[in-house]
Amino acid sequence: MGWVMLRKTNEKTLKKILSKNMVLLITFVWGATAIIFSTIEYNNIKKNALADLERICVQTGDNIDLQIFQLDTITLNSINSTELTNALDYYVATNSNDAYNHIAARQHLAALLTSLKGFDYSVRQLNIYSTQELGYGVGDYLGTITNYMDTEWYQKTMAQKGLKNVVIGNLSSTGALTNGDTYYSISRTYYNVYHYPIGTIEARKYYSEVFKAAIENSFAYNPEIFIYDESGEIIFPLDCNDTNISSYYKIASNEHMEINGQSIFSDHLFSYDMPHSGYKIILYVESNSFFAPILSALKIILFFFIAIYISGLLLTQLLAKRISKPIREIYHFLNERDSSTQYDKLTLAPTNIREIDKLAKSINEYISQSQTQMKTMLGLQQQEIQAEMLALQSQMNPHFLYNSLACIEEMAHQGMMQSVSAMVKDISSILRAISSNKEQVITVEQELDLCDMYLECLKYRFGDDLTYEFDVEDKLLDYYVPKLCIQLLVENAIKSTTTGPLPWHICIHGYIEGENWYLEVKDTGPGFDKAIDIHLRQQMDSILETGVLPSLKIEGMGILNIFIRLYLLDGITFLFDFGNNVEGGAFVKIGRSIEKSSTIKD
């Protein structure tokens, strides 16, 4: 058994090539677009984020500064109120000697403080203090105030000489620190016309009200908010435990610093100087918090890019399939063709693609031309076969005639004149049947009739020394065989048998075995010589391999003649065998597939 090495090829389908190239193209284009768009969008988002944080910083600072400005405005308005200062002087003067007037003075002072405080309920307290340790307040506490001159905040306010003094803490009515609510307090000293200090004005708001904008920190990016006074002291938040509080104030004026070994960039830190209060508000955003919204936005963009990319891939598959569909149809049409469909035309719907439609048209034109050429070639081949068959027939007829005349001559020498006359009559009938060139094949029944006449002629010569029998199934009688193929085999069998001992017997056996039918001629002669057997088989093998027919001679041409005639008519589909019988004698057998046989002459 030979082994065949299969070499792997790199052949690919058009659909696969189109899909691959389109995927590469869309990947490159979409990838480049995604990178460029993402970069631009990242810069835009980052720019907008920085602008938003800067806006938040300014907006928050202005809101807090407005609260402080409103509180400070009340203190300034109170200092500039002559009526208020006069009312305080009158209230102090009537404190010890005139109870009635003192009460009236207190009510008048309370009314003035209330009017100056106004209807802004965020202002929780407005106090006025005299330099004679008697004051009055309205708001969360309403009444007389004493024992304040020794407090730290009062001393500091007096030392400010009219400038504001800010106190943040849990203040009592006197300004002393307590465990109550946390206030943001602004106090100022006011003077008489001689620039002599005569009292102090203090206005308070809740600390949570002043810094409400920073406390209610619900801004994007979750910034940390810090507020410092002019000296850099933290005033918001009060309970901050961040050890880097003092460093943020320094970072606000530097592009880059390190805190605890970690780099802090000014991109993540925003500051704003409040115009009225002089405070500095600082927003600091950690990198994770700063980039989280940006990354979220980019993830959404990336998700849409991926979704569109996947949709593009699916679309490329559909486009590749659609574009390659007519080519696949052409490929399958050409690949699945066999002898039964070799002249079927390609049926392809118009693709509106010039090259493909032209290719389909060219294929159909080629098939039509091939069909025409094949018909022409078959006609020429048929003519060639007819000529070769006629040549064989022209050789066969004289061959049969020579043998028959030899028999008649022998019978004449033996004085068998009556037999000679009958034989001449039969030979005349046989020659009339075989000399016609109109038909090359006849039915098995007609062929057996010729064989019967031929054998009867020989019976005139050999008498009872020659016997024969026909054992043919009725189903075979209507099948067609080459004319005289059985007769020539019988003639060869007679020639071989009569050289052997008596009696001589010829048997024509026809039968069906499996899917084939067979006609077999057996004799009782000496059989085939080994050298002749080998020579005949070599000639037959050469004809099957090369298709070249040998030069034939009239003498001794029976078996090879039948083989050639079958080859010319059937190609290599016929069955042919010969050899020696086990019980003696020889046999020659021809046959064909029942499926490929016909009971109607082609």
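The values are calculated or read from the model by the stated rules, or taken from the named source; none is laboratory data. The model shown is predicted, which means the values in this text are computed figures rather than measured ones. Because the Cβ atoms are built from the backbone with ideal geometry, glycine has one as well, and the counts that use them run over all protein chains shown. With ligands, DNA and RNA removed, areas are computed over all heavy atoms of the protein, side chains included. Shrake-Rupley method; radii C 1.70, N 1.55, O 1.52, S 1.80 Å.
Going residue by residue through segment 81-101, is there one that turns out to be part of a helix (DSSP H, G or I), among the charged types (D, E, K, R), closer than 22 Å to VAL193 by Cβ and out of contact with any strand residue (DSSP E or B) (no Cβ under 8 Å at 6 or more places or on another chain)?
Keep residues of segment 81-101 that are part of a helix (DSSP H, G or I), which gives 82-93, 99-101.
Of the ones still in play, those that are also among the charged types (D, E, K, R) are 83, 89.
Among the residues that remain, those that are also closer than 22 Å to VAL193 by Cβ are: 83, 89.
Okay, now just the ones that are also out of contact with any strand residue (DSSP E or B) (no Cβ under 8 Å at 6 or more places or on another chain), so 83.
Yes, segment 81-101 contains at least one residue that is part of a helix (DSSP H, G or I), among the charged types (D, E, K, R), closer than 22 Å to VAL193 by Cβ and out of contact with any strand residue (DSSP E or B) (no Cβ under 8 Å at 6 or more places or on another chain).
Starting from residues that are farther than 27 Å from PHE462 by Cα and modelled with pLDDT of 90 or more, keep the ones in segment 492-514 and report whichever is most open to solvent (accessible area, probe 1.4 Å).
Going through the qualifying residues, I end up with GLU513.
ILE442 - would you say it is open to solvent by less than 30 Å² (accessible area, probe 1.4 Å), under 25 Å from GLY525 (Cβ atoms) and either β-branched (Val, Ile, Thr) or free of Cβ contacts under 8 Å to residues at least 40 places away in the same chain (or both)?
For ILE442, the condition - open to solvent by less than 30 Å² (accessible area, probe 1.4 Å), under 25 Å from GLY525 (Cβ atoms) and either β-branched (Val, Ile, Thr) or free of Cβ contacts under 8 Å to residues at least 40 places away in the same chain (or both) - is not met.
If I ask for residues that are open to solvent by 50 Å² or more (accessible area, probe 1.4 Å), among the hydroxyl-bearing types (Ser, Thr, Tyr) and not in a helix (DSSP H, G or I), which ones from segment 115-130 would you list?
As a first pass, look at segment 115-130 and keep what is open to solvent by 50 Å² or more (accessible area, probe 1.4 Å): 115, 119-121, 124.
From what is left, the residues that are among the hydroxyl-bearing types (Ser, Thr, Tyr) are 115, 121.
Selection gives TYR121 alone.
When you check ALA349 against the structure, is it surrounded by fewer than 16 Cβ atoms within 10 Å (Cβ to Cβ) and small (Gly, Ala, Ser), yes or no?
yes
Scan segment 142-190 for residues that are touching a Lys or Arg at 6+ places or on another chain (Cβ under 6 Å), part of a strand (DSSP E or B) and open to solvent by 10 Å² or more (accessible area, probe 1.4 Å) and report the count.
Residues meeting the conditions: 2.
For VAL193, which of the numbered conditions (1) open to solvent by less than 70 Å² (accessible area, probe 1.4 Å); (2) of a type outside the set (Phe, Trp, Tyr); (3) free of Cβ contacts under 8 Å to residues at least 12 places away in the same chain fails to hold?
Every condition holds for VAL193 apart from (1).
Which residue, of ASN80, ASN95, ASN127, is touching a residue at least 24 places away in the same chain (Cβ under 8 Å) and over 16 Å from LEU142 (Cα atoms)?
Numbers: ASN80 fails: touching a residue at least 24 places away in the same chain (Cβ under 8 Å); ASN127 fails: over 16 Å from LEU142 (Cα atoms).
It is ASN95.
Within segment 245-255, how many residues turn out to be surrounded by 18 or more Cβ atoms within 10 Å (Cβ to Cβ) and modelled with pLDDT under 75?
Of the residues in that region, 2 qualify.
Quick test for you: out of SER362, SER324, pick the one residue that is outside any loop (DSSP other than H, G, I, E, B) and closer than 23 Å to ASN21 by Cα. Write out each step before concluding.
Details: SER362 fails: closer than 23 Å to ASN21 by Cα.
Going through SER362, SER324 in turn, just one is outside any loop (DSSP other than H, G, I, E, B) and closer than 23 Å to ASN21 by Cα: SER324.
Starting from residues that are open to solvent by 90 Å² or more (accessible area, probe 1.4 Å) and outside any helix (DSSP H, G or I), keep the ones in segment 8-60 and report whichever is modelled with the highest pLDDT.
LYS12
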